[in-house]
1. Under 6 Å between Cβ atoms, at least 6 apart or on separate chains: pull out the pairs that start in segment 74-88 with a residue that is modelled with pLDDT of 95 or more and end on any residue that is small (Gly, Ala, Ser).
2. Would you confirm whether or not segment 69-89 contains a residue that is more than 14 Å from LEU21 (Cβ to Cβ), open to solvent by 80 Å² or more (accessible area, probe 1.4 Å) and in a helix (DSSP H, G or I)?
3. As an exercise: evaluate ASN13 against (1) in a loop (DSSP other than H, G, I, E, B); (2) modelled with pLDDT under 95; (3) open to solvent by 60 Å² or more (accessible area, probe 1.4 Å) and give the number of the one condition it does not meet.
4. With respect to the numbered conditions (1) at pLDDT below 95; (2) open to solvent by less than 40 Å² (accessible area, probe 1.4 Å); (3) part of a helix (DSSP H, G or I), which one is the sole condition not fulfilled by PRO54?
5. For LEU65, only one of the following conditions fails: (1) among the hydrophobic types (A, V, I, L, M, F, W, C); (2) open to solvent by 50 Å² or more (accessible area, probe 1.4 Å); (3) under 12 Å from the mean Cα position of the chain (by Cα). What is its number?
6. List the pairs whose first member sits in segment 1-25 and is more than 17 Å from THR44 (Cβ to Cβ), whose second member is part of a loop (DSSP other than H, G, I, E, B) and open to solvent by less than 70 Å² (accessible area, probe 1.4 Å), and whose Cβ atoms are under 6 Å apart, counting only residues at least 6 apart or on separate chains?
Amino acid sequence: MVTIDDVQEALSNVIDPELGLDFVELGLIYEIEVDGDEVYVTFTLTSPGCPIGPQVSEQIREYVLELDGIDKVHPKMVFSPPWTPELMSEDAKFALGY
């Protein structure tokens, strides 16, 4: 059975091209739900005007579908609550000088 930790590890491959850090470390993954062979991922972007949303959705699907036993992935992009730098991991804050 795939766990949330397994999904988080897969999502660590989704990299923000501008910042060079992964979406998990940046705090851009808001929620992960595993329901049998399906995974639901709620994520955001650093700003609503960021054009990489469709690319990120595809990467989320690609990496999570690599997990054994997962047949469907449902990425959902939201902008509420808005992302802030405080959501980043301590490592990401350090790397970005925040």
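The values are calculated or read from the model by the stated rules, or taken from the named source; none is laboratory data. This one's a predicted model, so the numbers in the text were calculated from it and none came from an experiment. Positions of Cβ are backbone-derived with ideal geometry, glycine not excepted, and every protein chain shown enters the neighbour counts. Surface accessibility is based on the protein's heavy atoms, side chains included, excluding ligands, DNA and RNA. Shrake-Rupley method; radii C 1.70, N 1.55, O 1.52, S 1.80 Å.
1. Listed pairs, sorted by first residue: PRO75/SER57; MET77/GLY53; LEU87/GLY27; MET88/GLY27.
2. Checked against the condition, which is being more than 14 Å from LEU21 (Cβ to Cβ), open to solvent by 80 Å² or more (accessible area, probe 1.4 Å) and in a helix (DSSP H, G or I), segment 69-89 yields at least one hit.
3. Status for ASN13: all satisfied but (2).
4. (2)
5. (3)
6. Listed by first residue and then by second, the contacts come to VAL2/LEU67; VAL2/GLY69; VAL2/ILE70; ASP6/LEU67; ALA10/LEU67.
Rundown of residues vs (1) open to solvent by less than 80 Å² (accessible area, probe 1.4 Å); (2) among the hydroxyl-bearing types (Ser, Thr, Tyr); (3) assigned to a strand (DSSP E or B), yes/no style:
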{"position": "PRO17", "(1), (2), (3)": "no, no, no"}
{"position": "GLU31", "(1), (2), (3)": "no, no, yes"}
{"position": "THR46", "(1), (2), (3)": "yes, yes, no"}
{"position": "ILE60", "(1), (2), (3)": "yes, no, no"}
